[in-house]
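Below: the structure, in structure tokens.
The values are calculated or read from the model by the stated rules, or taken from the named source; none is laboratory data. Everything quoted here is computed from the prediction, not taken from an experiment. Cβ: placed from backbone, ideal geometry, glycine included. Neighbour counts: every protein chain shown. Side chains are part of the model used for accessible areas, which takes the heavy atoms of the whole protein and leaves out ligands, DNA and RNA. Shrake-Rupley method; radii C 1.70, N 1.55, O 1.52, S 1.80 Å.
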Amino acid sequence: GENVEQHPSTLSVQEGDSAVIKCTYSDSASNYFPWYKQELGKRPQLIIDIRSNVGEKKDQRIAVTLNKTAKHFSLHITETQPEDSAVYFCAASSNSGYALNFGKGTSLLVTP
Amino acid sequence: GAGVSQTPSNKVTEKGKYVELRCDPISGHTALYWYRQSLGQGPEFLIYFQGTGAADDSGLPNDRFFAVRPEGSVSTLKIQRTERGDSAVYLCASSPFAGTSAGELFFGEGSRLTVL
């Protein structure tokens, strides 16, 4: 199936700094790329998504960029806060258009 | 209810036993997904229902796994002859989006299965 690679696996930043998480995918048919945040012991929740006809999308401190030619997309969090600490998963839609294929996750720690 | 509900939240069973995991999606959501999440990994797709039918079951690892959604709402994931490798958190998600337009998935809290 679709292979989604995510880096880094862990990321530690100081409060107020920016954090960047990168993902690559293999299926050129993928057209939907969401990012989910999962706090410890909680359910994954969507924080932002982007479709293939858009190169960048912002929502307050969070932005996602997509390079379809290179098949990679990134999550950018600015002015990080301790409550941003969580595991972040990128995902790409499968060639069936139904399933999402997830990366292995990035554990982000924001220290005060 | 307000969100996706999954029961049981925790299930401990012995190798070889049969288990059922239940998912009650958000009312009105026609799309329902089962994912499996092992420790330190991302959710792994198992099966997708659109209404009562399984539109994509390509993620089911083998024929010990089966899922149903007889009335297009509640779904049950069934695992026969459980193995220790089946231990994971089984996540259910629902979505108001149908067809090929993938959209936001609303996840439940998951059912943690431990096979001893």
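Contact map, the stretch A:11-29: first residue aromatic (Phe, Trp, Tyr), second residue surrounded by 13 or more Cβ atoms within 10 Å (Cβ to Cβ) and not in a strand (DSSP E or B), Cβ cut-off under 8 Å, separation 6 or more or different chains; pairs are A:Tyr25/A:Glu2; A:Tyr25/A:Lys71. With respect to the conditions (1) open to solvent by 40 Å² or more (accessible area, probe 1.4 Å); (2) within 19 Å of A:Thr24 (Cα to Cα); (3) without any contact (Cβ under 8 Å) to a residue 40 or more places away in the chain, A:Asp59 lacks only one, and its number is (2). Out of the residues in the stretch B:77-103 that are modelled with pLDDT under 90 and open to solvent by 10 Å² or more (accessible area, probe 1.4 Å), which is farthest from the other protein chains (Cβ to nearest Cβ)? Selected residue: B:Pro96.
Give the stretch B:13-38 a look and list any residue that's among the aliphatic types (A, V, I, L, M) and either within 21 Å of B:Phe66 (Cβ to Cβ) or within 11 Å of chain A (Cβ to nearest Cβ) (or both), or say none.
The answer is B:Val19, B:Leu21, B:Ala31, B:Leu32.
Just one residue in the set A:Lys42, A:Lys22 is modelled with pLDDT of 95 or more, open to solvent by 40 Å² or more (accessible area, probe 1.4 Å) and either in contact with a strand residue (DSSP E or B) (Cβ under 6 Å, 6 or more places away or on another chain) or within 12 Å of chain B (Cβ to nearest Cβ) (or both); that residue is A:Lys22. Among the residues of the stretch A:85-112, those that are away from chain B (no Cβ under 14 Å) and either in contact (Cβ under 8 Å) with a residue 60 or more places away in the chain or closer than 27 Å to B:Gly59 by Cα (or both) comprise A:Leu108, A:Leu109, A:Val110, A:Thr111, A:Pro112.
Selection of the stretch B:58-75 for residues being surrounded by 16 or more Cβ atoms within 10 Å (Cβ to Cβ) and assigned to a loop (DSSP other than H, G, I, E, B) yields B:Gly59, B:Leu60, B:Arg69, B:Ser73.
Read through the list (1) crowded, with 16+ Cβ neighbours inside 10 Å; (2) more than 14 Å from chain B (Cβ to nearest Cβ); (3) not basic (Lys, Arg), then give the number of the only condition that A:Pro82 fails. For A:Pro82, the failing item is (1). Considered as a group, the residues in the stretch B:23-42 that are closer than 19 Å to B:Leu113 by Cβ and within 11 Å of the chain's Cα centre (by Cα) include one that is most open to solvent (accessible area, probe 1.4 Å), and that residue is B:Asp24.
Yes/no matrix, rows are residues, columns are (1) of a type in the set (S, T, N, Q); (2) more than 24 Å from A:Ser96 (Cα to Cα):
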site	(1), (2)
B:Thr52	yes, no
B:Gly59	no, no
B:Phe65	no, no
B:Ile79	no, yes
B:Glu83	no, yes
B:Ala88	no, yes
B:Ser94	yes, no
B:Phe107	no, no
B:Arg112	no, yes
